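Undergrad: Can you read through this structure? Questions will come right after.
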Amino acid sequence: MQFNSHIFLLLFLPLAVVGVHLLRRAGRPYRQVCLFLAAMSVWFYLAGSSAGILLLGASIFFNYRMGRALQAAPSRAKLVLGVGANLALLGVLKYTNFVLGALFGASYTPVSFLVPLGLSFFTFQQIAYLCDCRKGAGGDYSPLEYALYVLFFPTILSGPIAFHNEIIPQLRAAQPGPDWDVLARGLTRVSFGLAKKVLVADVLGSAVSAGFGLAGTLSSPAALLTMLGYTLQLYFDFSGYCDIASGCALMLGVELPVNFNAPYRACSVTEFWKRWHMTLTRFFTRYLYIPLGGSRKGLQRTCLNVMLVFLLSGLWHGANWTFLLWGGLHGAAMVLERVRRERGRHPLPRPLGWALTFLFVNVAWVFFRADSISQACALLGDLFAGGLAAPTPTLTGCYLTAEVKVINQLIGLDSIRLGNLAAILLTGGALALSTLPRKTVLGRTGEDFRPTVPALLVTAFLLFWSALSFSGVGSFLYFTF
């Protein structure tokens, strides 16, 4: 089931929230609340894909039993077996096509239709659980609690990657009746997330698809518009998803970890990864980088560990050479910054650091988005040698949404000028919003939030506008990862 669908917004979410709070208010046992939420989460998952539900169920059963075994008698062999089984499932289902294609050609597609939605996310969550069990920090959970943790519908498909000790204790401690201020804060987050996805990311996405399809024939302004468009599309799409997920969880009594903190304000690649997909960074740091030795074994080993983490991060995102190259670029940039710090070099002035970091991130995203390395190179070639002609109407016409056409009835521009103006305004506005501090505008849904009439009106307006625009919207980008 998609967050950006009428059935989710008008039926599923109200039913889930009302049902949970009615059960709690009636004093029903905690087990019944968990059972209801687990059933709703299964419905949510099945509405998106039924192909992987049996594999998901088997994975939950295996990891719960393995976790209990590790708690009873911790051993390295059991942990290797448990983690290895999870990685084997992930590898076979997600990377078989890539490996066979690299070895024998691109015609092998034997398992792609079996890949469960959210495979990368729930695999990492369960690996973290097994590692914690070996350390004696796995928690004393019932099978139902553990299943609900993995299935929890706000996070099952695209995260954020929340750990067991962040979800289950909050479910246990939930108050018997609804907190109306918290419900209002959660609904406001949902409205902001939907607006990011439907009103910004999807409009940018149609133009980005057109631009990448024309790679190799674009002018420099068109290539720049395409590259910047994807940088913004990815941010508004994924951070929008996380806002919706966080808002839904909050209305159920669970505060999810923050996944974005104004990443495009970063003045170094190191800072960028402290602000972008923060729960993935946290997972790799805690369960890969530190066990490999972290920064405790000298500069050379540290750089090797950093590069390995980012190469694996690239592969985690997708089975394609483009993702591996994207991870390698970020790893190389992180290594360079680490070497500079170790040698006592002063950091760059913040304006220069921001400009270089933002340029680097944009260029790296081109490889992340492209279907092939050759397509990415073609687009970058257009960027630097495509000439100064205005973007083609095929590209700018994607910005002519129904709202833009209605407004144009007042100003009366021709379609070409209107498309150019809409592209500039949406791209510029999205860039400005993406570089604001998290606490301003779209981020004002923290613990200091208080429901007011203006906030209610803004929330209702965004929900209504987004719902009207649901037709033709695309799935969230991170569903494919």
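Undergrad: Output yes when any residue across the stretch 217-232 is not hydrophobic (A, V, I, L, M, F, W, C) and not in a helix (DSSP H, G or I), and no when none is. Can you show your working first?
TA: From the stretch 217-232, those not hydrophobic (A, V, I, L, M, F, W, C) are 217, 219-221, 226, 229-231; that's our starting set.
This time we only want the ones that are not in a helix (DSSP H, G or I), so: 217, 219.
Taking every residue of the stretch 217-232 in turn, at least one turns out to be not hydrophobic (A, V, I, L, M, F, W, C) and not in a helix (DSSP H, G or I).
Undergrad: Quick one: is residue 394 touching a residue at least 60 places away in the same chain (Cβ under 8 Å) and surrounded by fewer than 17 Cβ atoms within 10 Å (Cβ to Cβ)? Break it down stepwise before answering.
TA: Numbers: touching a residue at least 60 places away in the same chain (Cβ under 8 Å): yes; surrounded by fewer than 17 Cβ atoms within 10 Å (Cβ to Cβ): yes.
Here the answer is yes, as residue 394 does meet what is asked.
Undergrad: Okay, next question. When you check residue 342 against the structure, is it acidic (Asp, Glu), at pLDDT 90 or above and outside the structural domain of residue 200 (by TED's automatic domain parsing), yes or no? Before you say what the answer is, go through the steps one by one.
TA: Working: acidic (Asp, Glu): yes; at pLDDT 90 or above: no; outside the structural domain of residue 200 (by TED's automatic domain parsing): yes.
For residue 342, the condition - acidic (Asp, Glu), at pLDDT 90 or above and outside the structural domain of residue 200 (by TED's automatic domain parsing) - is not met.
Undergrad: What do you reckon, is residue 235 under 27 Å from residue 381 (Cα atoms), modelled with pLDDT of 95 or more, in a helix (DSSP H, G or I) and in contact with a Ser or Thr (Cβ under 6 Å, 6 or more places away or on another chain)? Talk me through it step by step, then tell me what you get.
TA: Values: under 27 Å from residue 381 (Cα atoms): yes; modelled with pLDDT of 95 or more: yes; in a helix (DSSP H, G or I): yes; in contact with a Ser or Thr (Cβ under 6 Å, 6 or more places away or on another chain): yes.
Yes, satisfied.
Undergrad: Additional query: Every residue in the stretch 228-257 that is hydrophobic (A, V, I, L, M, F, W, C) and either over 19 Å from the mean Cα position of the chain (by Cα) or under 28 Å from residue 22 (Cα atoms) (or both), please.
TA: Initially, the stretch 228-257 is screened for residues hydrophobic (A, V, I, L, M, F, W, C), giving 228, 232, 234, 236, 238, 242, 244-245, 248-252, 254, 256.
242, 244, 245, 248, 249, 250, 251, 252, 254, 256, listed by residue number.
Undergrad: Continuing with this model, one more query. Could you give me the residue pairs with C-beta distances under 8 Å whose first residue belongs to the stretch 82-104 and is more than 14 Å from residue 121 (Cα to Cα), whose second residue is surrounded by fewer than 16 Cβ atoms within 10 Å (Cβ to Cβ) and of a type in the set (Gly, Ala, Ser) wherever it lies, and which are 6+ apart or on separate chains?
TA: 97/112; 101/107
Undergrad: Moving to a separate point now. Looking only at the stretch 1-54, filter to residues that are farther than 27 Å from residue 90 by Cβ and either small (Gly, Ala, Ser) or touching a strand residue (DSSP E or B) at 6+ places or on another chain (Cβ under 7 Å) (or both); which one of those is surrounded by the most Cβ atoms within 10 Å (Cβ to Cβ)?
TA: 16
Undergrad: While we're on this one: Residue 425: hydrophobic (A, V, I, L, M, F, W, C) and either in a helix (DSSP H, G or I) or not assigned by TED's automatic domain parsing to the domain that holds residue 467 (or both), yes or no? If you could, list the steps in order and put the result at the bottom.
TA: Values: hydrophobic (A, V, I, L, M, F, W, C): yes; either in a helix (DSSP H, G or I) or not assigned by TED's automatic domain parsing to the domain that holds residue 467 (or both): yes.
Criteria met by residue 425.
Undergrad: Looking at (1) under 24 Å from residue 223 (Cα atoms); (2) in contact with a helix residue (DSSP H, G or I) (Cβ under 8 Å, 6 or more places away or on another chain), which is the only condition residue 355 fails?
TA: Of everything listed in (1) under 24 Å from residue 223 (Cα atoms); (2) in contact with a helix residue (DSSP H, G or I) (Cβ under 8 Å, 6 or more places away or on another chain), residue 355 misses just condition (2).
Undergrad: Going by what's in this entry, would residue 94 be described as under 29 Å from the mean Cα position of the chain (by Cα) and charged (D, E, K, R)? Steps first, please.
TA: Values: under 29 Å from the mean Cα position of the chain (by Cα): yes; charged (D, E, K, R): yes.
Judged against the criteria, residue 94 is a match.
Undergrad: Name the one entry in 132, 140 that is among the acidic types (Asp, Glu) and in a loop (DSSP other than H, G, I, E, B).
TA: Details: 132 fails: in a loop (DSSP other than H, G, I, E, B).
Answer to the check: 140.
Undergrad: Separate question: Against the condition under 18 Å from the mean Cα position of the chain (by Cα) and modelled with pLDDT of 90 or more, how does residue 168 come out, does it pass?
TA: No, not satisfied.
Residue-wise test of (1) closer than 18 Å to residue 170 by Cβ; (2) over 20 Å from the mean Cα position of the chain (by Cα).
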residue: 4; (1), (2): no, no
residue: 16; (1), (2): yes, yes
residue: 21; (1), (2): yes, yes
residue: 24; (1), (2): yes, yes
residue: 30; (1), (2): yes, yes
residue: 35; (1), (2): yes, yes
residue: 39; (1), (2): no, yes
residue: 44; (1), (2): no, no
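Undergrad: Looking at (1) surrounded by 14 or more Cβ atoms within 10 Å (Cβ to Cβ); (2) in a helix (DSSP H, G or I), which is the one condition that is false for residue 319?
TA: (2)
The values are calculated or read from the model by the stated rules, or taken from the named source; none is laboratory data. Every value quoted in this text rests on a predicted model; they were computed, and no experiment measured them. Don't worry about glycine lacking a Cβ; one is built from the backbone with ideal geometry, like all the others, and counts go over all protein chains shown.
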